[in-house]
1. Looking for something within 30 Å of residue B:156 (Cα to Cα), in contact (Cβ under 8 Å) with a residue 40 or more places away in the chain, in contact with a helix residue (DSSP H, G or I) (Cβ under 9 Å, 6 or more places away or on another chain) and assigned to a helix (DSSP H, G or I) - is there at least one such residue anywhere in segment B:395-414?
2. Kindly provide the set of residues from segment B:61-108 that are free of Cβ contacts under 8 Å to residues at least 24 places away in the same chain, at the interface with chain A (Cβ under 7 Å from one of its Cβ atoms) and not in a strand (DSSP E or B), ordered by number.
3. All but one of (1) within 14 Å of chain A (Cβ to nearest Cβ); (2) within 30 Å of residue B:249 (Cα to Cα) hold for residue B:344, so report the exception by its number.
4. Being modelled with pLDDT under 85 and more than 14 Å from every other protein chain (Cβ to nearest Cβ) is the requirement here; does residue B:416 meet it?
5. Right, residue B:272: closer than 12 Å to residue B:465 by Cβ and either over 12 Å from the mean Cα position of the chain (by Cα) or modelled with pLDDT under 80 (or both) or not?
6. Among the residues of segment B:117-134, is there at least one that is more than 10 Å from every other protein chain (Cβ to nearest Cβ) and assigned to a helix (DSSP H, G or I)?
7. Suppose we filter B:124, B:60 for residues that are touching a helix residue (DSSP H, G or I) at 6+ places or on another chain (Cβ under 8 Å) and modelled with pLDDT under 85; which single one remains?
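The values are calculated or read from the model by the stated rules, or taken from the named source; none is laboratory data. Since the structure is predicted, the reported quantities are computational estimates derived from the model, not experimental observations. As a convention, Cβ positions derive from the backbone with ideal geometry for all residues, glycine included, and neighbour counts pool all protein chains shown.
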């Protein structure tokens, strides 16, 4: 069975775990990103998808192609999984990081600066790792996910999600405001 | 369109710096910076160029300057938590800008507009869903335009009070009872004053003592009677007005256009009908009378206190502002503690019902220990919330009464001082204390009632939003009444989209003669059901015209037309009641013989007779006591009895076994005889006898003809037949 066949076969039935050393992500002369997998296949503008975007950001990164639809693009087939993408070479790691940063708009809340209540609608100001944001919360208790004892994901009225990684480590004022929200 | 855009000055300057004086035809702001942080960028289309500026510095900085002519199309890539607008240039994808979910509608509009311009079409006007309050910018709830921050409470209240007009007499009675009750409530402290000064202190006037005690009893009885009477009348009025509003709301819901239902999930509508209309009742029966009565009491007591001794009155009122502030804060803490407890209780309940519902799976996987662990965690969560709520309540009320009691301490001290100086009597002080006691409760709870009224007014506004929505009845006025519909249907260049910017049907033209059967074929989402929806006139076409017997459908009276339509749907819908009632739904005056005749033709008679209660058998909620095939045949019997000129069969045999399908097919064959029939079916074999088949793909007619003609043509229909044949074989193997 040649390499290409093996790759094809693997993508249809088994998960294929890639050695970080056999994956190279690089920017071509045309300024587009390419990903070469085990010198077998080069993917143009690959997609890097986290398998466990909430519980483990770095493990099991899926490398995929792109499927072109009439009006949009969708996730294409998987070429393999990286157990830990941080083990990629420096250039590859940097490009993957940029792509992940672009794909995952997942602000982490560092502090809750204010909360105002208008007949069941709460307008809060969150300080996040992506900057300060005014957030409107409605029926907040139906839009909260508790992960473990102290991690909280809050979805706002516009469908954006905010991650409080450890509510116990927020400053006391933020904790008191969080208690008001929840 | 360009003239309609309101262009901020800094945007104008920025664009002018690149293309001076050019019209800005498209403008959209993103809420993310180019580096993905929260910030601002904007995209402007000016002089046939896409200009993108980064606004995170002092002055907008040009980041992209792209001629529209270089772009073959634009697309949106959905990311996690947001999306990106991309342009396709020479087959390459170029990121234009990213945005969060908050801006997805805006950039959906931009994509449509840019694509239209790229294709050389005029700039389309695309309506964006209003997601933020136009006045204050607060994000609105889904499916509502009511902004709780900007709600004009006065106007809403006036509108609610408008419903009291038919009951003016009772309203007047309530007003009189409030005044009389308050006045009666003011009497006892005055009598107590006389009791102290003229009986207790001088230790004399036995007869006066009798009269004063009788007076106290009488005033208490009058006060309590007024209160009971007022409560009863108010409760009656609240319930009556709520009944009127619910009736009006339900009537409105029956006539609301299908577009309204497309944009409002059933759960939301039910909530308007139950919770929100309940909010109005709460407002009228409890909140408003509570507020009005307490305000009147505070004013009346205040005046009496000033009349007794204005200096002591002022002193005794010193703690009032603090009392209101402290009470608000403590109420807030208390409410939060209890909300928290209820929420934990709901989660706990959810866990238990979930766990007990899958007890077999838990045992099968030996997961009892992990279930116990999960339960323990949630139970502990509930325990701590319950303890906190009870402890907060246990602290709040004693503390509150301590604060409330501070007014009395001032009266004791200063009243005692004034008494020693000879300005006040013991009776005066006693009366003062009694009056103070009367206002302590209103002062304590009035702060809370503002929020109470606010919430009820917001609920009322959501009800009014439904009452003000567009309804079918408005479309149905003053139109042509077709007495005898022959059933000739023509679609002429029909175009339609549920959302104005997303066309579902394009250039649809065909003609069906009276009594003919038309089969609609195509993949899911091809537009089959939309053709039916337009025929039912649930929607009006955006382009072209549909004719019934040569008359444009939009000019035909909806009542006369829908009376001649019969529908058998994939999901047969029965309502709770007997089989007879369900069959006679479209013809309530049908005789038992007519009903049985219809059931016989629908192959339903035999199974109905076999039921213990025959035609009187109760079908249960949504007909859940009947099998799928039985329900379907009852629906066919209903359609036969209704005797429609135009019949719609929407996947009528999709969810039944082969034997039942055969019985239904027989029934349908009898039903369609002599009626113009539109049929949708996944099992293409069921359309074999159609006079004409129309094959749809992405909203367009791609093939039309008879079954044999299309089979010979070896096009889309032949391919679908082949897929159908192979799927049937797989089904047979698995079967």
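1. Taking every residue of segment B:395-414 in turn, none turns out to be within 30 Å of residue B:156 (Cα to Cα), in contact (Cβ under 8 Å) with a residue 40 or more places away in the chain, in contact with a helix residue (DSSP H, G or I) (Cβ under 9 Å, 6 or more places away or on another chain) and assigned to a helix (DSSP H, G or I).
2. Scanning segment B:61-108 gives B:79, B:81, B:101.
3. The one condition residue B:344 does not meet is (2).
4. For residue B:416, the condition - modelled with pLDDT under 85 and more than 14 Å from every other protein chain (Cβ to nearest Cβ) - is not met.
5. For residue B:272, the condition - closer than 12 Å to residue B:465 by Cβ and either over 12 Å from the mean Cα position of the chain (by Cα) or modelled with pLDDT under 80 (or both) - is met.
6. Checked segment B:117-134: at least one residue is more than 10 Å from every other protein chain (Cβ to nearest Cβ) and assigned to a helix (DSSP H, G or I).
7. Sole residue among the options that is touching a helix residue (DSSP H, G or I) at 6+ places or on another chain (Cβ under 8 Å) and modelled with pLDDT under 85: B:124.
So that you can scan it fast, the table gives a plain yes or no per residue for (1) buried (at least 19 other Cβ atoms within 10 Å of the Cβ); (2) modelled with pLDDT of 75 or more; (3) assigned by TED's automatic domain parsing to the domain that holds residue B:512:
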{"position": "B:654", "(1), (2), (3)": "no, no, no"}
{"position": "B:666", "(1), (2), (3)": "no, yes, no"}
{"position": "B:687", "(1), (2), (3)": "yes, yes, yes"}
{"position": "B:696", "(1), (2), (3)": "yes, yes, yes"}
{"position": "B:707", "(1), (2), (3)": "yes, yes, yes"}
{"position": "B:718", "(1), (2), (3)": "no, yes, yes"}
